[in-house]
Amino acid sequence: MAKKCVFCTHPADSREHIFSDWMLEMLPSDQRYVVNERISTRDKYIRYPVRKVGLKAKVVCTPCNNNWMSDLEGLCKTAMTPLLFGDNRTTLTPKEIVPIAAFAFKTLLLANHKDLKAAPFFPFAIRRAFRLSLRIPDGVHIWMATREVLAGKYYGFWKSQSGGTDQESPFGFRSYTCTWNFQNLILQVLATKWDNKERRRTVSPISFPQGSDWEGASTLIWPSDGNNIPWPPPFYLGDNAIERFRDRWNAFAVQFPSA
């Protein structure tokens, strides 16, 4: 059976860029870049040099890619371009935050479906609602951070991971994390849902505030409180800090009341 589009019932016959074309056009054309890509069929990483980075996920259909997703890219280009290569202080308005958050959530959905071997994390109704109105569901938190970029160096990564409670419990839950970086900008999405379907219908998803040690470097942009966000944050993330930031939801302790 042909794979279906993430967002509708059409066949997934189109490839969506992980790093948008308009972003890649900002990179010097005379450089060679090294890609470290995970090949799911072999469960291994391969490194190879390229003139142009072209990482894509064949999980969407041509109508989605050419219509509403293209419109979203236009909004993202306006909001995100000043953040990718510059560090001038600015203020992000709610109008700018919405497409950035939508881009981040779309990227999580692409990651979840790229190498899908089980049921998707989000049901079709939620993915369809995102297509129709860019509605981000409850249980999704999105942070922005900025990395320390060295002159003449170019960076980007995309990594996702699933997790959840390791013991059966009425409070058991699942999580899915996706962290994306292109040059100065880092976006991280954490999605959670209860294991129990009845609990999903009646109880809000569990949420996790980030640790205080990240507060000066990572800014929560979603759910939005409707306020402007000063940018960039006071602290930048170096390479070592980025690794810890990327993996910070791999393991954490949760205390629930006894059943």
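See the values below:
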item	result
Gain upon complete extension [Asn240, Ser212; 0.36 nm per residue less C-alpha separation]	8.3 nm
Cubic angstrom per residue, convex hull over Cα atoms of the chain	150
In order through segment 59-74: 3J(HN,Hα) via Karplus (6.51 cos²θ - 1.76 cosθ + 1.60), integer Hz, x for Gly, Pro	9, 10, 9, 4, x, 5, 5, 8, 10, 5, 5, 5, 4, 4, 4, x
Positive minus negative residues near Ala102 (Lys, Arg vs Asp, Glu; Cβ under 14 Å)	+2
Förster radius 30 Å - calculated FRET efficiency between Arg200 and Thr81 (Cβ-Cβ, nearest 0.05)	0.20
Candidates Ser175, Ser218, Ser29, ranked by Gaussian network fluctuation over the chain, Cα under 10 Å, top entry	Ser29
Straight-distance crosslink candidates among lysines, where the alpha carbon sits under 22 Å from Lys117 and sequence neighbours closer than 8 are dropped	Lys3, Lys4, Lys44, Lys56, Lys58, Lys106, Lys159, Lys193, Lys197
Neighbourhood charge, 15 Å Cβ-Cβ cut-off, centred on Asn196 and excluding it, Lys, Arg +1 and Asp, Glu -1	+3
Hz values of 3J(HN,Hα) by residue in segment 202-216 - Karplus curve (6.51, -1.76, 1.60), Gly and Pro given as x	10, 10, 4, x, 5, 10, 10, x, 6, x, 4, 5, 9, 4, x
Net charge of Cβ neighbours under 13 Å - reference Thr9; Lys, Arg +1; Asp, Glu -1	+4
Over the chain: helical MRE at 222 nm, DSSP H runs n ≥ 4 each giving -39500 (n - 2.57), nearest 500	-8000 deg cm²/dmol
Vicinal HN-Hα couplings computed from phi for segment 174-189 (Karplus, 6.51 cos²θ - 1.76 cosθ + 1.60; Hz; Gly/Pro x)	10, 9, 9, 10, 9, 10, 10, 9, 9, 6, 5, 9, 10, 10, 10, 10
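Read-outs: derived from the displayed coordinates by stated rules, not from any lab. Everything numeric here is computed off the predicted structure, so don't read it as measured data. Virtual Cβ from ideal backbone geometry, glycine too; neighbours counted across all protein chains shown.
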